[in-house]
Amino acid sequence: MSSRRELLASLGSGFGLAALAAESTHFPARAKRIIYLVLNGGLSQVDSFDPKPALDKHHGQPVPGGAPKTESSTGHLMRSPFAFARHGQSGTPVSEIFPNMARVIDHFCVIRSMHTNVPNHEPSLFMINAGTVQPGRPSLGSWLMYGLGSMNRNLPGFVVMCPGMPVVGAPLWESAFLPAVYQGTFVQTSESDPYKLIRHSRNGAPMDQQRKQLDLLKALNQRHLEERPGDSQLEASIAAMETAFRMQTEAPEVFDISREPEPVRKRYGDSAFGRGCLMALRLAERGVRMVQVYYGASQPWDSHDDILSHKTHARRADPAIAALVEDLRSRGLFDDTLLVVGTEFGRTPAVQNSSTLKLQNGRDHNSLGYTILLAGGGVKGGYVHGATDDFGFRAVDKPVHVHDLNATLLQLMGLDHTRLTYHYSGRDFRLTDVHGDPVRDILA
């Protein structure tokens, strides 16, 4: 992307314009935007979208051949406490804890053969967000902003929502060595009042007076910047002030879900995740390039003690995800919006052994095989890709690494992951490092 680097270098303080002026894509894009729903903590594949009859048959028995090494001691095989049934014209199996997603399952591509590098939350969250197990690399949303720019000058192009902070927190959506203007904007969804969600969005001064103040400040900053050419942080600050000024008129409205009819709000549910999904829909309508919604603070799906906690979390997540699919379709956004329902890794099909657990009915982390779902944006609906072994431990058929997934997401957005690069510290970096191939079988 050398032409973008040259453009940025020539623009100086004009980062607001640079972020808005998207380059042409490498090839025709199937999607214009991404909504990425993160069920952080580790969704269990064998209790959600990857049923394993062998677990019922061998419940309570040792894993044949010995269990793969996981983070903690792995016990005997444990069947799912949840029943599965086939749904839709595709007949895709879905757990009983996701009845609403079952209703729209024909719109989803279910990838059952995901795998990642490390069975710990922090490195695995870095991997799905930034393509590496270590901090210090740009996030997917930042790469998209760098490669494509924004579609709305009055709102951030990359928005991240969570009621609190997920494990690791802000480094998951940072721009790292990319220009700072491309980092994600965090919104705390434990609040429902738009003026509390977007703090300091009200200013007592009239807009014309604010405009004069901002123009003066911009002139002073421009003089300061001329003495420090290439100062990404200062350039981003100038752009952020302009965006913040314009957001006063648009942001309170877009985050105010009370403007939606009560029946619509009810379908999403009165939870932080439900509100986040509805806000994601409204942001997508207004051209925000990427919205990421974390299910909850810390790692709520981390069911070491008792896998039955998945039922509680699914009760909040399931209606919101299904409602989002239905509303993207009804509002004409589904075909060019790529919806991702992801998690950093899966869980073991065996019970976790630990003297520190309150119950012995949970599952440990499993990076060897797990499930994510995609919908819209050029993806096959009603399609199941790949498989784990008979017990759901390891991806064995058509395995998909996180690098492959990220390469696929970029391709659907019209970007070649091998060409979306940024030169830093003597080398060209990319989201997928030196790995990854688009998963062409899932493309519609």
**OP:** Filter region 423-437 down to the residues that are part of a loop (DSSP other than H, G, I, E, B) and acidic (Asp, Glu), then identify the one that is nearest to His115 (Cα to Cα).
**Re:** Asp437
Subject >> Among (1) charged (D, E, K, R); (2) assigned to a helix (DSSP H, G or I); (3) surrounded by fewer than 24 Cβ atoms within 10 Å (Cβ to Cβ), the one test that Arg275 misses >> reply: (3)
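Inspect region 135-157 for any residue being closer than 30 Å to Leu308 by Cα, at pLDDT 95 or above, buried (at least 24 other Cβ atoms within 10 Å of the Cβ) and of a type in the set (Phe, Trp, Tyr) and give the result as yes or no.
Checking region 135-157: not a single residue is closer than 30 Å to Leu308 by Cα, at pLDDT 95 or above, buried (at least 24 other Cβ atoms within 10 Å of the Cβ) and of a type in the set (Phe, Trp, Tyr).
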**OP:** Pairs only if they're at least six apart or on different chains, beta carbon under 7 angstrom, first in region 298-313 and in contact (Cβ under 8 Å) with a residue 12 or more places away in the chain, second surrounded by fewer than 22 Cβ atoms within 10 Å (Cβ to Cβ) and among the small types (Gly, Ala, Ser); list them, first residue then second.
**Re:** Ser303/Ser309
Original post:
Which residues, counting only those in region 391-422, are touching a strand residue (DSSP E or B) at 6+ places or on another chain (Cβ under 8 Å) and either assigned to a loop (DSSP other than H, G, I, E, B) or modelled with pLDDT under 95 (or both)?
Top reply: Phe391, Gly392, Phe393, Arg394, Lys398, Pro399, Met413, Thr421
Original post:
Say we look at region 401-431 and pick out the residues that are surrounded by 22 or more Cβ atoms within 10 Å (Cβ to Cβ) and among the β-branched types (Val, Ile, Thr); which of these is farthest from Asp364 (Cα to Cα)?
Top reply: Thr408
**OP:** Could you identify the single residue in Leu39, Leu55 that is among the hydrophobic types (A, V, I, L, M, F, W, C), surrounded by 19 or more Cβ atoms within 10 Å (Cβ to Cβ), at pLDDT 95 or above and more than 23 Å from the chain's Cα centre (by Cα)?
**Re:** Leu55
Original post:
Hey, any hits in region 88-95 for a residue that's among the hydrophobic types (A, V, I, L, M, F, W, C) and surrounded by fewer than 19 Cβ atoms within 10 Å (Cβ to Cβ)?
Top reply: no
Original post:
Could you say whether any residue in region 284-294 is within 23 Å of Ser139 (Cα to Cα), within 14 Å of the chain's Cα centre (by Cα) and among the charged types (D, E, K, R)?
Top reply: yes
Original post:
Can you find even one residue in region 397-405 that is more than 18 Å from Val384 (Cβ to Cβ), in contact with a helix residue (DSSP H, G or I) (Cβ under 8 Å, 6 or more places away or on another chain) and of a type outside the set (A, V, I, L, M, F, W, C)?
Top reply: no
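I'd like to check which strands (runs of 3 or more DSSP E) are fully inside region 59-138 and have at least 2 residues that are touching a residue at least 40 places away in the same chain (Cβ under 8 Å) and within 30 Å of Thr421 (Cα to Cα).
Details: elements: 74-77, 84-87, 92-95, 108-115.
Once the strands (runs of 3 or more DSSP E) in region 59-138 are filtered for at least 2 residues that are touching a residue at least 40 places away in the same chain (Cβ under 8 Å) and within 30 Å of Thr421 (Cα to Cα), what remains is 108-115.
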**OP:** Identify, by number, the condition in (1) out of contact with any helix residue (DSSP H, G or I) (no Cβ under 8 Å at 6 or more places or on another chain); (2) of a type outside the set (A, V, I, L, M, F, W, C); (3) farther than 30 Å from Leu155 by Cα; (4) modelled with pLDDT of 95 or more that Asp305 doesn't meet.
**Re:** (4)
**OP:** Search region 1-21 for residues being in a loop (DSSP other than H, G, I, E, B) and crowded, with 18+ Cβ neighbours inside 10 Å, and hand back the single one that is modelled with the highest pLDDT.
**Re:** Met1
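The values are calculated or read from the model by the stated rules, or taken from the named source; none is laboratory data. Because the structure is a prediction, the values reported are computed rather than measured. Here Cβ is always computed from backbone atoms with ideal geometry, including for glycine, and neighbour counts include all displayed protein chains.
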